[in-house]
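Trainee: What follows is a structure written as structure tokens; I'll ask about it next.
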Protein chains: 2
Amino acid sequence: MTRTTGSKGENTLKALRVAGINRLYKQGFSGMTLRELAGDVGIQAGSLYNYFSNKQDFLYEILRQVMLDVIGEMEVALDGEDNPRLALLAYVECHVSFHSSRQQEVLVSTTELRSLNPENYKRVTTLRDSYEGRLREILEWGNAEEYWTVIDPQVSSKLILGMMTSVGTWYSAGGRYQISDLVKIYQTMIENLLFNDMAAANLSPAMVS
Amino acid sequence: MTRTTGSKGENTLKALRVAGINRLYKQGFSGMTLRELAGDVGIQAGSLYNYFSNKQDFLYEILRQVMLDVIGEMEVALDGEDNPRLALLAYVECHVSFHSSRQQEVLVSTTELRSLNPENYKRVTTLRDSYEGRLREILEWGNAEEYWTVIDPQVSSKLILGMMTSVGTWYSAGGRYQISDLVKIYQTMIENLLFNDMAAANLSPAMVS
DNA sequence: CCTACCGATCGGTAGG
DNA sequence: CCTACCGATCGGTAGG
């Protein structure tokens with residue numbers, strides 16, 4: 001039985017990705033050394049340059065892939081939703097699931113943004129902005145269809161994203177809750193937030209006196 | 001006019017703290033070099049060792065001070081509150097204010113925990129746990145006095161802290177909102193969360209099927 | 001994918 | 001607070 005995929009080099013590349021995320025999580029970009037990374041996958045430091053052209057490029061490829069993954073999952077989740085409320089619930093489910101199940105990658109991909117050079121930084125934050133923009137669009141969609149009234153969708157989406165993303169900082173896979181429970185908790189919280197007049201009023205810049 | 005405080009050395013120490021937080025925020029612990037830090041305050045690298053015994057110690061002193069500051073402000077904020085609801089509102093106000101006005105320090109003091117050696121890590125996380133424990137105690141206090149019913153104060157406090165802390169990741173001082181507005185928004189959200197039956201029910205592990 | 005090596009730079013120290 | 005310096009180690013390259 002011959003395999004056309006899964007050659008040694010491909011396995012090494014996958015192993016480098018896994019080891020790299022781990023090193024970035026534990027030591028940060030400057031703190032991880034290429035010699036350690038090479039050791040993790042059983043090759044010599046010089047051989048790493050068969051897999052990427054330099055350390056910066058390695059970081060970029062990892063962060064880029066995380067963004068592409070979450071964007072891809074979100075596209076599937078939102079596909080066919082023709083109703084702002086269901087779209088919102090789908091967004092919350094997708095975001096919370098991803099951020100609880102891939103905590104290390106998600107944390108690294110925000111923490112190590114600062115280590116990207118200007119061009120790569122721009123590329124990754126552009127991806128991130130398009131991802132976050134989807135939530136703002138859903139909030140605006142719900143406004144237009146009069147499902148809810150969000151006075152400042154820009155800031156509200158940031159606030160909602162912030163509370164969802166923070167799940168990755170405290171959720172523990174071995175704890176009392178499963179990811180599906182977290183999804184329900186956040187869906188309920190966020191629906192309450194949007195459909196509750198008092199909370200909505202407080203999200204208005206008009207109240208700034 | 002003679003000054004007994006504010007000698008050159010003291011000013012340098014303060015300047016080192018400010019520059020250090022900035023460097024840690026932009027480059028991380030491994031990424032910042034002591035030569036850069038020395039340059040920021042106008043001295044030579046070797047002279048830094050008049051102010052701390054090594055780089056690790058410098059990091060520890062910065063993170064420790066941030067924790068002591070927020071703990072100190074929280075003690076003042078909660079002093080004399082004899083009612084769970086008012087204590088909760090005071091906690092929210094203090095936490096949100098601190099995390100919006102000192103964003104860099106707060107972000108660094110969580111991001112760079114990993115760069116502390118085991119003893120220093122233990123010391124700082126012990127401070128952090130005592131700080132976060134105050135919120136859990138308030139939730140339990142409200143349970144006892146029947147102000148609200150929080151089934152899992154441990155997890156609820158983590159969730160609430162997470163949504164409050166995330167304000168530091170998106171709040172911009174030049175934006176539409178002032179910190180006092182953010183405080184009101186979060187106070188309203190969190191009160192809704194605690195006093196709303198549906199949300200409270202969803203925070204119960206009993207619903208895990 | 002390895003060996004052998006480079007220039008640069010790091011944290012830290014000695015001795016003023 | 002400075003000068004002068006150290007051993008170690010880093011990212012990266014040449015040439016197989």
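The values are calculated or read from the model by the stated rules, or taken from the named source; none is laboratory data. All values derive from a computational prediction rather than experimental measurement. Using ideal geometry, Cβ is built from the backbone for each residue, glycine included, and neighbour counts are taken over all protein chains shown.
Trainee: If a residue has to be more than 7 Å from DNA strand D (Cβ to nearest atom) and touching a residue at least 24 places away in the same chain (Cβ under 8 Å) to count, how many in the stretch B:32-50 make the cut?
Mentor: Result for the stretch B:32-50: 3.
Results for (1) crowded, with 18+ Cβ neighbours inside 10 Å; (2) over 16 Å from the mean Cα position of the chain (by Cα); (3) not in a loop (DSSP other than H, G, I, E, B), shown as yes or no for each residue.
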position	(1), (2), (3)
A:Ile138	yes, yes, yes
A:Gly142	yes, yes, yes
A:Val150	yes, yes, no
A:Ser156	yes, yes, yes
A:Leu161	yes, no, yes
A:Arg176	no, yes, no
A:Thr188	yes, yes, yes
A:Glu191	no, yes, yes
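Trainee: So A:Asn54 clears everything in (1) polar (S, T, N, Q); (2) more than 12 Å from DNA strand C (Cβ to nearest atom); (3) under 19 Å from A:Arg114 (Cβ atoms); (4) within 14 Å of chain B (Cβ to nearest Cβ) except one condition, right? Which one?
Mentor: Just one mismatch for A:Asn54, condition (4).
Trainee: Please tell me if B:Val66 is at pLDDT 95 or above and away from DNA strand D (no atom under 13 Å from the Cβ).
Mentor: yes
Rundown of residues vs (1) over 17 Å from the mean Cα position of the chain (by Cα); (2) farther than 30 Å from B:Gly28 by Cα, yes/no style:
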residue	(1), (2)
A:Gly46	yes, no
A:Gln65	no, no
A:Leu78	no, yes
A:Tyr91	no, yes
A:Cys94	no, yes
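Trainee: Considering the stretch B:147-167 alone, what residues qualify as being in contact (Cβ under 8 Å) with a residue 60 or more places away in the chain and at the interface with another protein chain (Cβ under 7 Å from one of its Cβ atoms)?
Mentor: Within the stretch B:147-167, B:Thr165, B:Val167 meet the criteria.
Trainee: Are any residues in the stretch B:21-51 among the polar types (S, T, N, Q) and more than 23 Å from A:Arg114 (Cβ to Cβ), and if so, which ones?
Mentor: B:Gln44, B:Ser47, B:Asn50
Trainee: Now for a different question. Quick one: which of B:Leu139, B:Leu127, B:Leu107, B:Leu135 is in contact with a helix residue (DSSP H, G or I) (Cβ under 7 Å, 6 or more places away or on another chain) and under 13 Å from B:Tyr60 (Cα atoms)?
Mentor: Going through B:Leu139, B:Leu127, B:Leu107, B:Leu135 in turn, the sole match is B:Leu127.
Trainee: Can I ask one more? Taking the condition surrounded by 12 or more Cβ atoms within 10 Å (Cβ to Cβ) and either away from DNA strand D (no atom under 13 Å from the Cβ) or modelled with pLDDT of 95 or more (or both), does A:Asp82 pass?
Mentor: In short, no.
Trainee: Can you name the residue in the stretch A:13-36 that is within 12 Å of DNA strand C (Cβ to nearest atom) and more than 14 Å from chain B (Cβ to nearest Cβ) and, of all such residues, is surrounded by the most Cβ atoms within 10 Å (Cβ to Cβ)?
Mentor: If we take residues in the stretch A:13-36 being within 12 Å of DNA strand C (Cβ to nearest atom) and more than 14 Å from chain B (Cβ to nearest Cβ), then A:Leu16 is surrounded by the most Cβ atoms within 10 Å (Cβ to Cβ).
Trainee: What about B:Thr188, is it under 15 Å from B:His99 (Cβ atoms), β-branched (Val, Ile, Thr) and within 9 Å of another protein chain (Cβ to nearest Cβ)?
Mentor: No.
Trainee: So for the stretch A:52-63 (the condition being of a type in the set (A, V, I, L, M, F, W, C) and away from DNA strand D (no atom under 12 Å from the Cβ)), does at least one residue qualify?
Mentor: yes
Trainee: Mind checking which helices (runs of 4 or more DSSP H) fall wholly inside the stretch B:1-86 and carry at least 3 residues that are of a type in the set (Val, Ile, Thr)?
Mentor: Of the helices (runs of 4 or more DSSP H) lying wholly inside the stretch B:1-86, those with at least 3 residues that are of a type in the set (Val, Ile, Thr) span B:8-31, B:55-78.
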